[in-house]
Amino acid sequence: MHGLSPQMRACVDACLNCYVSCLSGFSGHCLVVGGPHVEAGHARLMLACAEICRTSAHFMLLGTPHHKHTCAECAEICTQCAQDCERLDGMQDCAEACRRCAESCRAMAA
């Protein structure tokens with residue numbers, strides 16, 4: 001991650017960690033448990049969260065100033081995903097990854 005500030009490196013790491021947490025959490029936990037874990041709204045939110053995290057990391061690694069826009073959206077979606085995951089059993093790790101990512105992306109969007 002040449003040329004990135006320590007703050008941006010930390011944000012890339014938080015985004016990629018959240019991407020992994022949401023995608024693997026959905027495929028490895030939610031699909032197995034079923035019920036409210038696979039309701040359409042929750043599924044879409046988790047998958048959208050994973051994708052915006054991946055995209056935000058990608059934009060920061062590219063060095064484009066547009067990362068501020070993706071990071072702002074990422075912070076919003078991660079916050080919603082964390083709230084939704086907290087209402088379901090076994091989703092605490094995902095919720096925490098989302099909260100860390102939201103906080104880091106909020107700072108990058110400023």
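The values are calculated or read from the model by the stated rules, or taken from the named source; none is laboratory data. These numbers were taken from a predicted model, which means no experiment stands behind them. Here the Cβ positions follow ideal geometry from the backbone for every residue, glycine too, while neighbour counts run over all protein chains shown.
Key figures for this structure:
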| read-out | value |
| --- | --- |
| Filtered residues of the stretch 63-78 (kept if closer than 15 Å to Tyr19 by Cα and crowded, with 20+ Cβ neighbours inside 10 Å) | Thr70, Cys71, Cys74, Ala75, Ile77, Cys78 |
| Leu88 in contact with a Pro (Cβ under 9 Å, 6 or more places away or on another chain) and among the aliphatic types (A, V, I, L, M) | yes |
| Subset tally (residues that are out of contact with any Ser or Thr (no Cβ under 6 Å at 6 or more places or on another chain) and within 14 Å of Leu23 (Cα to Cα)) for the stretch 97-110 | 1 |
| Residue in the stretch 9-17 that is at pLDDT 95 or above and loosely packed, with under 13 Cβ neighbours inside 10 Å present | no |
| Qualifying residues in the stretch 79-110 (those that are outside any helix (DSSP H, G or I) and among the aliphatic types (A, V, I, L, M)) - the one surrounded by the most Cβ atoms within 10 Å (Cβ to Cβ) | Met91 |
| Thr64 without any contact (Cβ under 8 Å) to a residue 60 or more places away in the chain, outside any helix (DSSP H, G or I) and not charged (D, E, K, R) | yes |
| Ser21 vs. criteria under 13 Å from the mean Cα position of the chain (by Cα) and either in contact (Cβ under 8 Å) with a residue 40 or more places away in the chain or closer than 16 Å to Gln92 by Cα (or both) | yes |
| Test: residue in the stretch 30-47 that is touching a Phe, Trp or Tyr at 6+ places or on another chain (Cβ under 6 Å) and surrounded by 23 or more Cβ atoms within 10 Å (Cβ to Cβ) | yes |
